[in-house]
Amino acid sequence: MKTFPSEFEELLTPKGRRILEGRDREACGALLRPGQRFVALGGVLDARKATACRDALEKSLRSSLTVMEDPIPPESIWGMTENYAEQLPKTVRVRTALLESRRSRSWKAAAEVGLVEMLHSESFAAFAAAVSGRALRRKWGIQVLCYGQGDYAGPHNDHHPEDAEAFDGYVDMHLTFATPAVAHQWLVYSKGGHFTEMRSVNTVGGITVYRLPFWHYTTPLMAKPGAEEDARRWVLLGTFLDAQKERRRGSAIEPPATVAQPASRPG
């Protein structure tokens, strides 16, 4: 039985629809503003529908998750030869649902509840285009993450200098669905060269949109006392490359006409 709608816009509140249609001056084109690489949006997904989506993820995808773990390498300490010259690669511990292959258990489970169709829907990408203010390519990547007790993502910037299509920047959009057992989890990000900004991602139906690359990390998920086994935060991701500057009409997901286009510059 499909819990997720075929179109993302069916989950939206009136506020969410205003953003999708380009009628919210604060949210639309937010990532075009100088220095703004991240925005967190609340009240855009219907609370009842968001809770139903969370429950569907809990029921359908938990058994097919795969652990993704990259711990701190010992040589980051014991391989040092100079004081204060330490370097930390990206570290992470989280579980993920593999949606790259139709033959995977995760893809089949996600398809049965309508998740794959919704994440590939036109309105899902259109929402990302409205907030980012940029035209986006029609083919985008999708992923599901699930943070449990103590799971985290260490400091990283998501820069891909070897990828010509992503080198100048790209857009990520995350939908969050946390269980009631979660006490807290935070997204910490840089501003002016320092990790000074922090937003709670312990939400049911919150949306975060990123203009990558920039430095950020996700703190360990902490459960309420005695509820460690039930504490999870589900994250539905879309990763969008910028549309080509020279393109045919209708070949990209365009932001609403009311959103100003960015100046021609990297990032």
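The values are calculated or read from the model by the stated rules, or taken from the named source; none is laboratory data. Note that the coordinates shown come from a computational prediction; the quantities given were computed from them, not determined experimentally. Cβ placement follows ideal geometry from the backbone for every residue including glycine, while neighbour counts extend to all protein chains displayed. Ligands, DNA and RNA are excluded from the accessible area calculation, which covers all protein heavy atoms including side chains. Shrake-Rupley method; radii C 1.70, N 1.55, O 1.52, S 1.80 Å.
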(Q) Just to be sure before I move on: is M198 aliphatic (A, V, I, L, M) and open to solvent by 70 Å² or more (accessible area, probe 1.4 Å) in the structure I sent? (A) yes
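Only residues that are over 21 Å from L212 (Cβ atoms) and out of contact with any Asp or Glu (no Cβ under 8 Å at 6 or more places or on another chain): list them for segment 17-43, please. Show your work before the answer.
First pass over segment 17-43, keeping only residues over 21 Å from L212 (Cβ atoms): 17-18, 20-26, 42-43.
Within segment 17-43, E21, G22, R23, D24, R25, E26, G42, G43 meet the criteria.
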Q. For segment 197-218, does any single residue satisfy the condition of being at pLDDT 95 or above, among the acidic types (D, E), under 20 Å from the mean Cα position of the chain (by Cα) and under 17 Å from N157 (Cα atoms)?
A. yes
Q | Among the residues listed as M173, M198, the single one being assigned to a strand (DSSP E or B) and in contact with a Phe, Trp or Tyr (Cβ under 6 Å, 6 or more places away or on another chain) | A | M198
**Q.** Pairs where the first residue, in segment 1-22, is more than 14 Å from V131 (Cβ to Cβ) and among the basic types (K, R) and the second is at pLDDT 95 or above and outside any helix (DSSP H, G or I), C-beta under 9 Å, 6+ apart
**A.** K2/V113; K2/G114
Q: Write out, first by first residue and then by second, each pair whose Cβ atoms fall under 7 Å of each other, whose residues are 6+ apart or on separate chains, and whose first residue, in segment 35-52, is hydroxyl-bearing (S, T, Y) while the second is open to solvent by 50 Å² or more (accessible area, probe 1.4 Å) and at pLDDT 95 or above.
A: T51/V204
Q: Out of K59, K2, K15, report the one residue that is farther than 27 Å from W107 by Cβ and open to solvent by 30 Å² or more (accessible area, probe 1.4 Å).
A: K15
Q: Identify, by number, the condition in (1) exposed (fewer than 14 other Cβ atoms within 10 Å of the Cβ); (2) farther than 30 Å from E228 by Cα that F124 doesn't meet.
A: (1)
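Does T208 satisfy being within 21 Å of L32 (Cβ to Cβ), touching a Ser or Thr at 6+ places or on another chain (Cβ under 8 Å) and either part of a loop (DSSP other than H, G, I, E, B) or open to solvent by 10 Å² or more (accessible area, probe 1.4 Å) (or both)? Even if it seems obvious, please write down each step before you answer.
Details: within 21 Å of L32 (Cβ to Cβ): yes; touching a Ser or Thr at 6+ places or on another chain (Cβ under 8 Å): yes; either part of a loop (DSSP other than H, G, I, E, B) or open to solvent by 10 Å² or more (accessible area, probe 1.4 Å) (or both): yes.
Considered against the rule, which asks whether it is within 21 Å of L32 (Cβ to Cβ), touching a Ser or Thr at 6+ places or on another chain (Cβ under 8 Å) and either part of a loop (DSSP other than H, G, I, E, B) or open to solvent by 10 Å² or more (accessible area, probe 1.4 Å) (or both), T208 comes out as yes.
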(Q) Tell me which helices (runs of 4 or more DSSP H) are completely within segment 1-102 and hold 1 or more residues being under 30 Å from K191 (Cα atoms), or say none if there are none. (A) 14-20, 75-78
**Q.** Boolean, R102 is in contact with a helix residue (DSSP H, G or I) (Cβ under 8 Å, 6 or more places away or on another chain), among the basic types (K, R) and farther than 22 Å from W215 by Cα
**A.** yes
Q.
Exactly one of these conditions fails for V188: (1) touching a residue at least 40 places away in the same chain (Cβ under 8 Å); (2) closer than 30 Å to G226 by Cβ; (3) hydrophobic (A, V, I, L, M, F, W, C). Give me its number.
A. (1)
